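Let me begin by presenting the structure, written as structure tokens, before commenting on it.
The values are calculated or read from the model by the stated rules, or taken from the named source; none is laboratory data. Predicted model, so just to flag it, every value in this text is computed and none were measured. For neighbour counting, all protein chains shown are included, and Cβ atoms are generated from backbone atoms with ideal geometry for every residue, glycine included. Heads up: the accessible areas ignore ligands, DNA and RNA and are worked out on the full protein's heavy atoms, side chains in. Shrake-Rupley method; radii C 1.70, N 1.55, O 1.52, S 1.80 Å.
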Amino acid sequence: MLRYWILLVLLCAALPARAALTIDIVGAGERQIPVAVVPFANEDKLAQSITEIVSLDLKRSGLFRLVNPTSKTPHEPSEVAYADWRGVEALAIGSVETQQDGRVTVKFRLLDAVKQTELFGQAVTAKGDQMRAIGHRIADLIYEKLTGNPGVFSTRIAYVNRQGKNNRLVVADSDGYNDRVVLSINEPIMSPAWSPDGSQLTYVTLEQGHAVVYVQSLVTNQRTVLSNARGSNSAPVWAPDGKHLAVVLTRDGSPQIYLIRSDGTDLRRLTFSGAIDTEPNFSPDGQYLLFTSDRGGSAQIYRMPVEGKAAERLTFEGGNNFSPRYSPDGKSFVFAHQSNGRFNIAIQDFQTRQMQLLTEGGWEKRPSFSPNGKLILFATEAQGRGILAIVSSDGRVKQKLSSQVGDVREPTWGPFLKQ
């Protein structure tokens, strides 16, 4: 756990605490858990309120109903009068203490207000400018203890912001804060994808006059060419082992899927259809690939073993289905579904083969699962501008993430940080 905190602080260091994206929330879970987050003792001395960060995280999940603590301000379990908290199932309390060296120690406890017991407690010391990271981690712990699933508030997203000719590849916290421009060029940037450990991004640009695949470190900012074969190089995605990627190349004719090592060596062709095979995505165990192909006459989603053998068609409804992404548990996949001129985000179960539409339809593309599989990030439009949106995997909770300037496109949700 200590290693997790250190990595979290290092990744957030030196990033400005501002939000490049504003979030609007619509809908709620089938049942919202009533939770009270009491302002931590002495947090008014901080530049940012930890409990405000925690409360906003829990609220935008759609699974919690935040109860106003009003004038009640317990900071230790011994100060809690449970009779005052009827209707509340969980109570978050804590305190903040500034050390002589300027660092801040945050103590946090989560209490079961019904059983009148302590569920979890932790203390962490960090620099004063890392309070957002600590707030996200506390929200993650509350989410996990009360839902049984890990929270994703400490994770990051990547997207492309286009303003005129300028395209910027941006990395930000999952709530839009701490945005950082990774690359800024006057050529299109496409298909960003995270490495399994979250330390690198791969993407495609046209800055060399044709599509080239790059890999860029988010630690050193150094970038290298992964694939610059003749023709087009596109749609890169990492394998779960972090040692290989799948890419789409036209070097031998029509777009086909190839496997390549992360250092650009050992290229191996995987598909041989003669049609357009693109948008590969690995299963969580690395044994299978989902991909989009028009080999049946329209864009549909197929699955094949990475080691070869015939591909199996998975989608049959609507006009076109594309951009498939495995769920983290490998039991379903999300994709863009086109029908009657409208694009929806849809999810399909591998076992039942049942498809469920998660959105109302419009211009909704490029879905990406959160690492806990409970939320899906995708691109859409509002008032003629590209924005990002999030929908829960059951379709109940929806969020819109809009930028103040430019079109926001090409979203991808990063992995969990390793603990």
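Any idea what the dipole of region 307-348 comes to, in debye rounded to 20, about its Cα centre with Lys/Arg Cβ at +1 and Asp/Glu Cβ at -1? Mind dumping the intermediate values first?
Values: 5 positive and 4 negative charges, 18 e Å.
Its charge dipole is roughly 80 debye.
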Between GLU312 and SER273, the two model label points (7 Å from Cα along the beta-carbon direction) sit apart by a distance in nm of 1.6 nm
Taking a crude spin-label model, label points 7 Å out from Cα along the C-beta direction, the GLN163 to GLN208 distance in nm is 2.9 nm
Mean shadow area (nm²) of the C-alpha convex hull around region 263-389 is 9.2 nm²
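Counting heavy atoms of the protein chains only and a 1.4 Å probe, report the per residue accessible area for region 256-317 as a whole number of Å².
That works out to 47 Å² for each residue.
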Surrounding charge for ARG230, neighbours by C-beta under 12 angstrom, Lys/Arg +1, Asp/Glu -1, total 0
Check: C-alpha center region 225-268 vs C-alpha center region 345-419, spacing in Å is 26 Å
So LEU66 and LYS45, fully extended at 0.36 nm per residue minus their Cα-Cα distance, gain in nm 5.2 nm
Hull surface over four for the Cα convex hull of the chain, reported in nm², is 21.4 nm²
Taking protein heavy atoms only, a 1.4 Å probe, and rounding to whole percent, the accessible area of the chain owed to carbon and sulfur comes out at 47 percent
Summing -39500 (n - 2.57) over every DSSP H run of at least 4 residues in the chain and dividing by its residue count gives a helix-only mean residue ellipticity at 222 nm, to the nearest 500 deg cm²/dmol, of -3000 deg cm²/dmol
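Once the mean 1/r over all distinct Cα pairs of region 210-291 is inverted, what Kirkwood radius in angstroms do you read off?
Taking every pair of different Cα atoms in region 210-291, averaging 1/r and inverting gives 12.9 Å.
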Once phi for every residue in region 50-66 is put through the Karplus expression 6.51 cos²θ - 1.76 cosθ + 1.60 (θ = phi - 60°), the whole-Hz ³J(HN,Hα) values, with Gly and Pro written as x, are 5, 5, 5, 4, 4, 4, 5, 4, 4, 5, 6, 6, x, 9, 10, 10, 7
Reduced to Cα centres, the span from region 65-92 to region 154-205 in Å works out to 40 Å
